[in-house]
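Q: To start, I am sharing the structure in question, which I have written as structure tokens.
What follows draws every value from the coordinates through simple rules; no lab data is involved. Since the structure is predicted, the reported quantities are computational estimates derived from the model, not experimental observations. Don't worry about glycine lacking a Cβ; one is built from the backbone with ideal geometry, like all the others, and counts go over all protein chains shown.
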Amino acid sequence: MARIFLTGANGQVGKDVELALLRQGHTVIAANHRTLDITEADRVMSAICDSMPDLVINAAAYTNVEKAEDEPSAALNVNALGPRNIAKACAACNIPLIHISTDYVFSDVKRREHRETDPVKPECEYGRSKLEGENCIINSGCRHIIVRTSWLFGAFGRNFVKIMLSMVQERSEIAVVCDQLGNPTPVRPLAEALVIMAQRILEDKDFADYGIYHFCGYEPTTWDNFARTIFARAIPMGLLHHDVNVLSITSEEFRSKAKRPRDSRLNCDRIREVFGIEPPYWEDYLGEVMHAWGRERQGLTPVEDYDHTISIMDRITNPEDLQLLAKSMQESDQQEQQQLQSRQPDQQVQQS
Ligand SMILES: NC(=O)c1ccc[n+]([C@@H]2O[C@H](COP(=O)([O-])OP(=O)(O)OC[C@H]3O[C@@H](n4cnc5c(N)ncnc54)[C@H](OP(=O)(O)O)[C@@H]3O)[C@@H](O)[C@H]2O)c1
């Protein structure tokens, strides 16, 4: 079993990744924004190198696409400087890094699924900051995997599915953009895919297929059709008690500050070929995320086994505690090492 250092552990993806790692029996050093700000280079270096994990997963990011237009330097700080700090630490300590990026690094000129090798041209500040983050990691020299994904919806945090369900509780009509095509991606299979990738890197000593991968849900759709599918499911699930008319509007009519790609579909052939990971059908996971939304409305945890499975480390609230944790892990490593050494003569006796 491996020891994984996870940043952004309190985010939508971070929580599912931590659960997926713990369910596979791995030890997780779960750092959240409060315990480790990834923009602080020295702290990132010591937190990672002192606790000597087998692998790092970065799920921390500045993710407010609209707000990034008003504060591009804040987005750049978290999405580029942060990954650069993490990658530098990973390079210094020879630890592999898995990082999450976005379909918004692409513009919409392709009009077909985007491959990892296609040219990038982000059209909004968020996309530019995420692309800069990718480049910082690539240039750091650390062993890395960058997983680009899109239109995430999971049991934790805020996402399109939960926002739609909340918005229509008191209304019967909603306007949703119809001219952006992309792949809704359920977070749980994404988290499981990251764990499979981590395990493969750690188990296969000759692993050499580092680089960029795409992972998303199938089939692609538009935001207005995504909304219609949610509402159609919500009524039989008892999460909505009236029909909702989805008014299809163009991106211009929506008047958002951030320009999003009209077609950001991702091609997942590479992840399938190298890791044997099949992209999920997003509709298969819609019910569980909607169920999680229903549980949250009742004041429950979104996922039933969350309280039993989540590590105590996620509840650490002081940065100093993360340092202490790293130190205690080092000490327990040393103890384990000493115990192993002292046990070896016994084993030799038993074997002979
Ligand atoms: N959401 C999507 O639809 C989508 C689509 C494609 C790709 N992605 C990518 O997927 C990854 C995970 O996104 P998500 O949906 O899980 O986002 P999220 O729910 O916003 O989680 C991001 C986490 O990062 C933390 N964070 C922000 N600034 C930080 C800092 N300086 N240091 C440490 N932690 C910090 C946030 O903590 P606070 O909340 O306390 O600030 C939050 O817990 C990101 O890389 C994102 O770009 C997301």
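Q: Can you return the aspartates and glutamates within cross-link range of Lys257? Criterion is Cα-Cα under 20 Å, with same-chain partners fewer than 8 residues away left out.
A: Glu66, Glu69, Asp70, Glu71, Asp103, Asp108, Glu123, Glu125, Asp179, Asp224
Q: Still on this model: Which whole-number percent is the relative contact order of the stretch 4-64 (Cα, under 8 Å, 6+ apart)? Please list the in-between numbers first.
A: Numbers: 79 pairs, mean separation 30.6, N = 61.
Taking the mean separation of contacting Cα pairs over the length of the stretch 4-64, I get 50 percent.
Q: Expressed as an acute angle from 0 to 90° and rounded to the nearest 10, what is the orientation of the C-alpha long axis of helix 223-234 relative to the principal long axis of the chain?
A: In the chain, helix 223-234 runs at an angle near 80 degrees to the longest axis.
Q: Round to a whole angstrom and tell me the spacing of the C-alpha centers of the stretch 249-300 and the stretch 27-60.
A: Taking the Cα centre of the stretch 27-60 as reference, the centre of the stretch 249-300 is 27 Å away.
Q: For Ser342, Ser101, which order do you get if you count the other beta carbons within 10 Å of each Cβ and list the fewest first? Can you show the working numbers first?
A: Numbers: Ser342 9, Ser101 24.
In increasing order of surrounding Cβ atoms, one gets Ser342, Ser101.
Q: Want the number for His242 to Arg112: 0.36 nm per residue separation, take away the alpha-carbon distance, what's left? Mind dumping the intermediate values first?
A: Numbers: separation 130, 0.36 × 130 = 46.80 nm, distance 3.66 nm.
Length gained, His242 through Arg112: 43.1 nm.
Q: Suppose the chain between Asp269 and Asp305 were pulled fully straight at 0.36 nm per residue; how much longer would it get relative to their current alpha carbon spacing? Walk me through the intermediate numbers first.
A: Working: separation 36, 0.36 × 36 = 12.96 nm, distance 3.29 nm.
Stretched out fully, the Asp269 to Asp305 stretch lengthens by 9.7 nm.
Q: Taking the Cβ of Tyr218 as the center, what net charge do the other residues with Cβ under 13 Å away carry, scoring Lys and Arg +1 and Asp and Glu -1? Show your work: numbers first, answer last.
A: On the way: positive: Arg265, Arg272; negative: Glu113, Glu219, Asp269, Glu278, Glu283, Asp284.
That works out to -4.
Q: Mind listing the Cα extents of the stretch 230-286 along all three principal axes, in Å, largest one first?
A: 45, 34, 14
Q: Given Lys121/Lys259; Lys88/Lys130; Lys88/Lys205; Lys162/Lys259; Lys130/Lys205, which pairs have Cα atoms separated by over 19 Å?
A: Distance filter (> 19 Å) returns Lys88/Lys205; Lys162/Lys259; Lys130/Lys205.
Q: Let me ask something else. Along the Cα-to-Cβ line of Ser251, 7 Å from the Cα, sits a label point; which residues in the stretch 180-215 have backbone N less than 19 Å from it?
A: Residues passing the 19 Å test: 180-185.
Q: I'd like the FRET efficiency for His291 and Asp50, computed as 1/(1 + (r/R0)^6) with the beta carbon distance as r and R0 of 25 Å, rounded to 0.05. Each step should come with its number before you reach the end.
A: On the way: r = 40 Å, r/R0 = 1.59.
Step by step, r from the Cβ atoms, then E = 0.05.
Q: I've got another one for you. If you take the charge dipole of the chain about its Cα centre, with +1 on Lys and Arg Cβ and -1 on Asp and Glu Cβ, which of Tyr281, Ile201, Leu55 is farthest toward its positive end?
A: So the residue we want is Tyr281.
Q: Calculate, for Asn225 and Arg200, the FRET efficiency according to 1/(1 + (r/R0)^6) with r their C-beta to C-beta distance and R0 30 Å; round to the nearest 0.05.
A: Details: r = 35 Å, r/R0 = 1.16.
Efficiency for this residue pair is about 0.30.
Q: Turning to a different aspect of this structure: Relative contact order for the chain: what is it in percent, counting Cα pairs under 8 Å that are at least 6 residues apart?
A: Numbers: 657 pairs, mean separation 75.8, N = 352.
22 percent.
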